[in-house]
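What follows is one structure encoded as structure tokens, with my remarks underneath.
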Amino acid sequence: MSITPASVIRADVIAQKAYQVHDSTGCIKMDANENPHPLPESLRQALAEKLAAVELNRYPDGAASQLKARLKQHLGLSDQYDILFGNGSDECIALLIQAIAGDGVKVMALEPTFVVYGIAARAQRLDYIGVELNADFSVNVERTLAAIQEHQPKLLFITPPNNPTGNIISAEDVSRLIRATPGLVVIDEAYEAFASHRLLHLLDEHQNLLIMRTFSKIGGAGLRLGYLVGRPEWLVELDKLRMPYNINTLTQVAAEFMLDHYDAIQAQVDEVVTARDNLIDKLRQFKELTVYPSQANMFVVRCPRVQALHAYLRERKILVRQAYNWHPLLENCIRISTGTDAENAVLLAAISDFFAS
Ligand SMILES: *Cc1c(COP(=O)(O)O)cnc(C)c1O
């Protein structure tokens with residue numbers, strides 16, 4: 001008998017499709033919620049020198065202690081809390097799910113939302129429960145409380161601002177959900193830099209809470225660095241599942257460099273917020289488009305001929321994210337990541353041409 005992948009690998013894995021990342025060479029990238037601004041030229045040389053001094057023949061510091069100390073300082077974190085780094089917050093999500101995996105264990109998130117929660121849950125064969133948001137994408141607190149009561153999730157992801165919908169939830173509403181959850185709640189603040197408020201302070205109020213953040217949306221997507229913040233008693237358990245050298249030395253050094261020059265990063269974030277608000281205003285002038293408000297660096301746009309628009313933009317080498325196959329609430333929707341002013345102008349011209357044609 002021949003040995004094939006199908007005779008060795010789990011049938012549910014064989015049946016899955018891999019997460020698609022499209023080739024973006026030569027395109028304007030408004031599809032992945034990245035910071036459109038590269039590190040300022042003035043800082044690149046200084047970073048290059050730091051990276052050149054790295055001893056690549058040695059393993060990284062497995063605990064990333066220097067970076068951790070720098071980040072704690074940056075966050076103004078009190079000594080009662082610790083940080084656990086992941087190779088992107090994707091890895092933090094995978095660690096959380098591995099740590100709770102078992103028969104009948106349920107993971108919950110508020111849909112439509114970030115697809116990685118579901119991918120990671122399926123990888124461990126956990127039950128993934130998606131509780132639907134309201135039609136305007138706000139969190140339906142009563143429906144979520146009822147679902148928590150019914151399903152008793154061991155892990156609940158809440159995502160303010162949410163991907164792809166860009167909306168946020170109040171501290172009061174989040175606290176009601178946390179108090180009702182018979183497991184761990186993870187507030188995924190991937191987009192906190194662009195939002196009106198953040199929820200890190202809720203750690204003081206809730207014992208079953210971790211906050212997750214990432215360098216990916218503020219200019220460090222290529223570093224692959226995310227982290228969990230919270231009580232050490234949770235993080236020490238996850239640390240047992242973390243592979244010993246998950247954060248490479250180049251990433252540790254570059255991330256510390258970003259924190260040391262955070263004023264430059266903050267200036268870019270501020271620029272993105274202003275550009276986002278301008279772009280949303282201008283897009284709202286097209287009567288065919290419904291543009292949803294956002295506290296993130298991206299936002300959802302609904303349009304009757306969405307597939308034609310999506311294809312047209314791709315022809316013009318502008319990449320936006322299709323959201324119309326993501327979830328029924330996102331029917332006829334695309335998600336647009338804010339670009340630079342120049343990129344946003346190209347997008348607006350292309351959309352104007354589309355509706356004129
Ligand atoms: C982009 C994103 C992340 C970040 O993932 P990384 O692995 O850190 O790049 C996490 N959560 C949400 C909701 C996101 O949209």
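Rule-based calculations on the coordinates, nothing more; no lab input. Just so it is clear, the structure is predicted and the values come from calculations on it, not from any experiment. Positions of Cβ are backbone-derived with ideal geometry, glycine not excepted, and every protein chain shown enters the neighbour counts.
Per Stokes-Einstein, at 37 °C and 0.692 mPa s, what whole-number D in µm² s⁻¹ belongs to the chain, with the Kirkwood radius over Cα pairs as the hydrodynamic radius? Kindly include the intermediate steps, with their values, before the conclusion.
Numbers: Rh = 21.7 Å.
Approximately 152 µm²/s, per Stokes-Einstein.
For region 151-235, what does the equivalent ellipsoid look like in terms of its semi-axes, each the square root of 5 times an eigenvalue of the Cα gyration tensor, given largest first in whole Å? Don't skip to the end; give the middle numbers.
On the way: eigenvalues 91, 46, 27 Å².
Its equivalent ellipsoid spans semi-axes of 21, 15, 12 Å.
Could you list, bin by bin from short to long, the percent of Cα-Cα pairs of region 205-280 in 10 Å steps?
Calculated P(r), rounded to whole percents: 15, 37, 31, 15, 2.
Quick check on my link table: of LYS29/LYS217; LYS72/LYS154; LYS29/LYS282; LYS29/LYS106; LYS68/LYS106, which ones sit more than 25 Å apart, alpha carbon to alpha carbon? Provide the component values of the computation, followed by the final result.
Details: LYS29/LYS217 13 Å; LYS72/LYS154 28 Å; LYS29/LYS282 19 Å; LYS29/LYS106 35 Å; LYS68/LYS106 31 Å.
The answer is LYS72/LYS154; LYS29/LYS106; LYS68/LYS106.
Take the alpha-carbon centre of region 1-69, take the same for region 311-343, and report the distance between them in whole Å.
Centre-to-centre distance over Cα atoms comes out at 23 Å.
About its Cα centre, what dipole magnitude does region 199-357 give when the only charges are +1 on Lys and Arg Cβ and -1 on Asp and Glu Cβ, stated in debye to the nearest 20? The partial results should precede the final answer.
Details: 17 positive and 18 negative charges, 153 e Å.
So the magnitude is around 740 debye.
What is the Cα convex hull volume of region 73-220 when expressed per residue in Å³? Provide the component values of the computation, followed by the final result.
Working: hull volume 16.5 nm³, N = 148.
It is 111 Å³ per residue.
Between region 135-164 and region 244-278, what is the separation of their alpha carbon centroids in Å?
So the two Cα centres are separated by 29 Å.
R0 = 41 Å: FRET efficiency of MET243 with SER357, Cβ-based, nearest 0.05?
On the way: r = 52 Å, r/R0 = 1.26.
It comes to 0.20.
Under a straight-distance cross-link criterion of Cα-Cα below 19 Å, which aspartates and glutamates are reachable from LYS240, leaving out those fewer than 8 residues away in the same chain?
Excluding near neighbours in sequence, the set is ASP61, ASP82, ASP90, GLU91.
Considering only the chain, what is the antiparallel percent among its DSSP beta bridges, to the nearest 5? Don't skip to the end; give the middle numbers.
Numbers: 19 of 39 bridges.
Roughly 50 percent of the DSSP beta bridges within the chain come out antiparallel.
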